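To keep things clear, I will list the structure first and then write my remarks on it.
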Amino acid sequence: MRRIFIKAISLFMILLFITGCQNKIENKNNSVITEGENMHGYKINDDSMLYWLGHDGFKIKTNDKIIYIDPFDINESETADIVLITHAHFDHCSIKDLQKIVGDKTTILATADCTSSFAGKIGGKMQLVAPNKKFNVQGIEIETVPAYNVNKFRSPGVVFHPKENEWVGYIINVSGTRVYHSGDTDFIPEMKNIKTDIALLPVSGTYVMTPNEAAEACSAINPKVAIPMHYNKIVGTIESAEEFKRLSKCKVEII
Ligand SMILES: [Zn+2]
């Protein structure tokens, strides 16, 4: 009887060990990392991390650069080397948030209608952008791509993000890994030509792609991983992100 008991205990210990190992492997392969309560990060590569700051806001940290994209309603104080702004809407081009992170040496890439609203109110160096341009900012290669609506209307025939406004998305070369931030956009034909490793895509609907449209966009872009954005603030919920993940043929990580 005692021998059987010892055998059972041994078997249980072995099983526990195997399951423990599997958990460790799973954790090692998972690139989504939680640092503190509100800091959800994604490991871009050995040199760089991507943090979602809510809505369309992200922070990329490399060994020696801090890059923010569309900072809005952020709780950050780390000074930016580079800030990328996709368009003039208040939840992307936010003076109050830029004042938290812009220093004298910060370079701000933004559309002309955005920069005109904050001229004289913040420091840093301005670089005007429009779609289909290439920049080298402090050694970082950055490309702009178009971002606009095709079927999200403010009033009959008038979309929220008109193509003629020349608003943008960005592709950033982060230590060899390409990160695409689409800006506020629908699924547009230009996406078929985008080459990227990571795609940050809006999923809330109303002003931008619905989860289903974002899933179609993801299939066209074919990144290694897609990360949903534009939810949990103003419009959209975590359900929008989860629906995108469910419908998508791409690998999706929710951070
Ligand atoms: Zn917008």
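The values are calculated or read from the model by the stated rules, or taken from the named source; none is laboratory data. Keep in mind it's a predicted model, so treat the numbers as computed, not measured. Because the Cβ atoms are built from the backbone with ideal geometry, glycine has one as well, and the counts that use them run over all protein chains shown.
Observations, loosely collected:
- Subset of the stretch 116-158 that is among the small types (Gly, Ala, Ser) and surrounded by 15 or more Cβ atoms within 10 Å (Cβ to Cβ) - its residue that is nearest to the ligand (Cβ to nearest atom): 147
- Residues (out of contact with any Gly (no Cβ under 7 Å at 6 or more places or on another chain), assigned to a strand (DSSP E or B) and away from the ligand (no atom under 14 Å from the Cβ)) located in the stretch 159-189: 170, 171, 172, 173, 174, 177, 178, 179
- Under the condition of being touching a Gly at 6+ places or on another chain (Cβ under 6 Å) and of a type outside the set (Val, Ile, Thr), the residues counted in the stretch 50-80 number 4.
- Within the option set 161, 181, being surrounded by 13 or more Cβ atoms within 10 Å (Cβ to Cβ) and closer than 23 Å to residue 50 by Cα holds for one residue only, 181.
- When residues in the stretch 65-80 are screened for being part of a loop (DSSP other than H, G, I, E, B) and in contact with a Leu (Cβ under 9 Å, 6 or more places away or on another chain), 8 of them pass.
- The stretch 68-99, residues that are more than 17 Å from the chain's Cα centre (by Cα), within 14 Å of the ligand (Cβ to nearest atom) and of a type in the set (A, V, I, L, M): 88
- Condition check for residue 91: touching a residue at least 40 places away in the same chain (Cβ under 8 Å), acidic (Asp, Glu) and surrounded by 17 or more Cβ atoms within 10 Å (Cβ to Cβ): yes
- Between 48, 31, the distinction of being surrounded by 10 or more Cβ atoms within 10 Å (Cβ to Cβ) and either at pLDDT below 90 or in contact with a helix residue (DSSP H, G or I) (Cβ under 8 Å, 6 or more places away or on another chain) (or both) belongs to 31 only.
- Evaluation of residue 151 against (1) assigned to a loop (DSSP other than H, G, I, E, B); (2) out of contact with any helix residue (DSSP H, G or I) (no Cβ under 8 Å at 6 or more places or on another chain); (3) closer than 26 Å to residue 96 by Cα (one fails), failing number: (3)
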